[in-house]
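Can you keep this structure in mind? I'll have questions shortly.
The values are calculated or read from the model by the stated rules, or taken from the named source; none is laboratory data. All figures in this text were calculated on a predicted structure; none of them were measured in a lab. Here the Cβ positions follow ideal geometry from the backbone for every residue, glycine too, while neighbour counts run over all protein chains shown.
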Amino acid sequence: MKNSNEIGKSAEDYLESMLILKEKNGYVRSVDIAGFLGVTKPSVSNAMKRLREEGYIEMDHSGFITVTEKGMEIADKIYTRHKKLKDFFVALGVDPAIAEDDACKIEHDISDETFDAICSHIDKFSKANKTKKKQ
């Protein structure tokens, strides 16, 4: 099985967008992905073909897309990274719009070790703040 680093940033973005659209709309269609990512419908069509061939998604006869368990592992990992990194950057004082852009860039390339260290730091900081508030 390929890990997320082997499928490419573009595929990760497509899978992440499908997770977000599914949560937002309750369904996913190619046209929605195109609008969400700001890409052309033919680009989405090509990506969907590749993702379907690799077993990351399934598409029914009506054009509704389902992310498979294999695809969901990657989508969830990338989306979790995105949210955590954005929140971390905002907590550091970065403008939310810039934090959003930076999280999107970094979510693909950051190592598991560095991401885990950031999460550990956030957890320690959160616990320390809760202890201070109780005093």
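Under 6 Å by Cβ, and 6 or more places apart or on different chains, what pairs join a residue from region 39-53 that is closer than 15 Å to GLY63 by Cα with one that is among the β-branched types (Val, Ile, Thr) and buried (at least 19 other Cβ atoms within 10 Å of the Cβ)?
These pairs meet every condition: VAL44/ILE33; LEU51/ILE57.
Would you confirm, using the coordinates I've provided, whether GLY93 is more than 14 Å from the chain's Cα centre (by Cα), assigned by TED's automatic domain parsing to the domain that holds LYS124 and either within 22 Å of ILE7 (Cβ to Cβ) or not hydrophobic (A, V, I, L, M, F, W, C) (or both)? Can you show your working first?
Numbers: more than 14 Å from the chain's Cα centre (by Cα): yes; assigned by TED's automatic domain parsing to the domain that holds LYS124: yes; either within 22 Å of ILE7 (Cβ to Cβ) or not hydrophobic (A, V, I, L, M, F, W, C) (or both): yes.
For GLY93, the condition - more than 14 Å from the chain's Cα centre (by Cα), assigned by TED's automatic domain parsing to the domain that holds LYS124 and either within 22 Å of ILE7 (Cβ to Cβ) or not hydrophobic (A, V, I, L, M, F, W, C) (or both) - is met.
Could you go through region 9-24 and let me know if any residue there is outside any helix (DSSP H, G or I), at pLDDT below 95 and of a type outside the set (D, E, K, R). I'd like the intermediate steps shown before the answer.
First, the residues of region 9-24 that are outside any helix (DSSP H, G or I): none.
No, because not a single residue in region 9-24 is outside any helix (DSSP H, G or I), at pLDDT below 95 and of a type outside the set (D, E, K, R).
Looking only at region 61-109, which residues are part of a loop (DSSP other than H, G, I, E, B), under 21 Å from TYR27 (Cα atoms), modelled with pLDDT under 95 and not small (Gly, Ala, Ser)? Reasoning before the result, please.
First, pick out the residues of region 61-109 that are part of a loop (DSSP other than H, G, I, E, B): 61-63, 68, 92-95, 107-109.
Within this subset, residues satisfying the condition of being under 21 Å from TYR27 (Cα atoms) are 61-63, 68.
Now narrow it down to the ones that are modelled with pLDDT under 95: 61-63.
Of everything in region 61-109, just one residue is part of a loop (DSSP other than H, G, I, E, B), under 21 Å from TYR27 (Cα atoms), modelled with pLDDT under 95 and not small (Gly, Ala, Ser), namely HIS61.
Can you find a residue that is loosely packed, with under 10 Cβ neighbours inside 10 Å, at pLDDT 95 or above, closer than 23 Å to TYR14 by Cβ and outside the structural domain of SER17 (by TED's automatic domain parsing) anywhere in region 110-118?
no
While we're on this one: Identify all residues within region 14-44 that are among the polar types (S, T, N, Q) and surrounded by 12 or more Cβ atoms within 10 Å (Cβ to Cβ); write none if there are none.
Going through region 14-44, the residues among the polar types (S, T, N, Q) turn out to be 17, 25, 30, 40, 43.
The answer is SER17, SER30, SER43.
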